[in-house]
């Protein structure tokens with residue numbers, strides 16, 4: 001079969017949204033859609049943009065394939081399962097980000113614009129405009145299948161999207177709730193229904209818990225403070241996170257009888273803090289805490305029930321709890337710090353201060369501090385650092401790190417001499433703050449004579 005020349009960027013694909021698109025190309029696009037559903041299609045992201053190929057090798061943009069399929073579905077007696085099938089298949093093939101915008105546009109056009117009067121945003125901070133149900137709208141005018149699909153799209157934004165996409169979830173569910181509040185209530189109670197029953201709800205002698213994938217929440221109530229109780233809770237948390245359908249950004253709401261928190265000043269006194277402060281007291285549970293931490297840690301994901309100034313990656317409190325147990329957990333802490341978003345995450349600063357206060361300046365704590373200094377912008381020193389470093393043993397530890405500095409950097413970091421210099425200066429700043437600049441002249445002026453040479457070597 002002879003097809004016309006491709007008209008996409010760098011001739012990588014065919015465009016199918018033009019009125020004059022050839023019937024042969026459209027036939028290949030329909031074949032590609034069938035192949036996506038059957039699993040025979042293949043994606044190619046070797047260059048921008050990502051394309052999807054049918055079994056003949058004919059390439060198309062995934063969002064255009066999705067738009068073509070959805071546009072042909074009837075709005076009356078809307079086949080929700082059919083729509084979900086193509087979305088799930090396309091998401092598995094090319095990823096959520098490739099189809100997110102197309103789905104947003106579809107819900108905006110077929111639900112928001114058809115069923116609502118859309119107002120004006122009153123300020124520049126509101127993401128979505130106010131919407132009110134059209135007065136002439138009758139219940140029979142809105143198809144239940146279409147609303148269920150809207151709920152599916154809403155949940156997907158939370159489950160597969162980045163943390164900020166929860167705003168889209170709230171907006172779409174807000175629309176649906178104005179027409180069918182019972183549908184949204186069901187989601188709030190049972191989630192999407194994709195989680196196994198023993199994950200949605202779990203009740204034992206020691207605890208009760210529930211997980212809701214639609215609203216990205218885990219709620220736990222500990223009935224006692226035994227090792228068995230916390231072991232079961234940790235096992236449950238891991239089981240939730242092992243579910244593909246559960247969001248990576250979520251909130252953990254935990255209530256227990258033991259009102260203790262991690263010994264880290266300034267850390268939010270939330271239930272998740274309390275949970276790991278209690279669990280870490282049982283050494284037998286440390287491997288389970290590590291397991292949770294590794295399942296939870298994801299770059300650009302967040303605990304959703306923490307204030308912006310205390311935003312933290314999931315797994316933070318588990319890592320902090322283990323980190324304060326000693327050197328054996330330094331590799332886990334380093335991995336965590338390397339995943340932290342250096343523009344938005346700062347809670348690790350409070351942990352690092354507590355770590356140094358507890359263990360002092362040793363090669364392993366300084367190694368952690370290196371990764372910490374690179375995990376955020378301008379890690380500030382604790383007030384005690386100047387006095388804690390002011391001894392021969394601590395300064396020798398710092399000099400040991402300086403001599404072996406490459407070992408504390410990632411391979412790609414170590415290749416760049418400029419980066420090595422910045423990383424070393426960041427470490428000095430994390431200990432002395434602004435006084436570390438200009439060769440540490442302000443610091444050196446005030447040190448005891450017997451330590452002056454070591455300070456000079458540090459800042460040389």
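Bear in mind that the values in this text are calculations on the coordinates, not laboratory data. Bear in mind the structure is a predicted one, so any value in this text is a computation, not a measurement. Cβ coordinates were reconstructed from backbone atoms using ideal geometry, including for glycine residues, and neighbour counts include every protein chain displayed.
Among 33-44, 271-282, what's the highest-first ranking by average C-beta atoms within 10 angstrom per residue?
In decreasing order of mean packing, 33-44, 271-282 become 271-282, 33-44.
For q = 0.17, 0.19 Å⁻¹, what log10 I(q)/I(0) does segment 193-359 give under the Debye formula with an equal point scatterer on each alpha carbon and no solvent?
-1.01, -1.28
Give the relative contact order (percent, whole number) for segment 1-129; include only Cα pairs under 8 Å separated by 6+ residues.
18
If R₀ is 25 angstrom, what is the calculated FRET efficiency for the pair residue 225 and residue 253, using the beta carbon separation as r and rounding to 0.05?
Efficiency computed from Cβ-Cβ geometry: 0.90.
Using just the helices of the chain, give the 222 nm mean residue ellipticity in deg cm²/dmol: DSSP H runs with n ≥ 4 each add -39,500 (n - 2.57), and the total is spread over all residues, rounded to 500.
Helices in the chain give a 222 nm mean residue ellipticity of -15000 deg cm²/dmol.
Distance from the Cα centre of segment 181-251 to that of segment 398-435, in angstrom?
Cα centroid of segment 181-251 versus Cα centroid of segment 398-435: 42 Å apart.
Output the Kirkwood hydrodynamic radius of segment 360-460, Cα pairs only, in Å rounded to one decimal.
13.6
What ranking of 313, 376 emerges when the number of other C-beta atoms within 10 Å of each C-beta is taken as an exposure proxy, fewest first?
Final ranking by Cβ density, sparse to dense: 376, 313.
Calculate, in nm to one decimal, what residue 377 and residue 449 gain on full extension: separation in residues at 0.36 nm each, minus their alpha carbon distance.
22.6 nm
Please give, to one decimal in nm, the separation of the simple spin-label points placed at residue 338 and residue 197, each 7 Å out from Cα toward the Cβ.
Rounded to a tenth, the inter-label distance reads 4.3 nm.
Which percentage, to the nearest 5, of the DSSP beta bridges contained in the chain is antiparallel?
Antiparallel bridges make up about 70 percent of those DSSP assigns within the chain.
Label-point separation (nm) for residue 9 and residue 459, each offset 7 Å from Cα along Cα-to-Cβ?
About 5.0 nm, to one decimal.
Calculate how steeply helix 144-159 sits against the longest principal axis of the alpha-carbon atoms of the chain, using the helix alpha-carbon long axis, and give the answer as 0 to 90 degrees to the nearest 10.
Helix 144-159 sits at roughly 20 degrees to that axis.
Normalising by the residue count of segment 95-213, find the relative contact order in percent from Cα pairs under 8 Å and 6+ residues apart.
19
In degrees from 0 to 90, rounded to the nearest 10, what is the angle of the helix 449-459 Cα long axis to the longest principal axis of the chain?
Roughly 30 degrees, rounded to the nearest 10.
Using the scaling law 2.2 N^0.38 Å as the reference, what is the normalised Cα Rg of the chain?
In units of the 2.2 N^0.38 Å rule of thumb, it is 1.21.
Would you kindly state how much longer the chain becomes between residue 402 and residue 205 on full extension, computed as 0.36 nm times their sequence separation minus their alpha carbon distance, in nm to one decimal?
This chain segment gains 65.6 nm when fully extended.
Express in whole angstrom the spacing between the alpha-carbon centres of segment 73-95 and segment 1-51.
For segment 73-95 versus segment 1-51, the Cα centre distance is 19 Å.
Quick one: angle between helix 166-179 and the longest Cα principal axis of the chain, in degrees between 0 and 90, rounded to 10, please.
40
Give me the extension gain from residue 85 to residue 442: residue separation times 0.36 nm, minus the current Cα-Cα distance, reported in nm with one decimal.
So the chain would gain 121.9 nm between residue 85 and residue 442.
Report, largest value first, the span of the C-alpha coordinates of segment 1-132 along each principal axis, in whole Å.
53, 35, 30
Going by average Cβ density within 10 Å per residue, which order do the peptides 205-215, 108-118, 225-235 take, highest to lowest?
205-215, 225-235, 108-118
Calculate the spin-label point distance for residue 18 paired with residue 164, positioning each point 7 Å from the Cα along the beta-carbon direction, and give it in nanometres.
Here the modelled spin labels are 3.4 nm apart.
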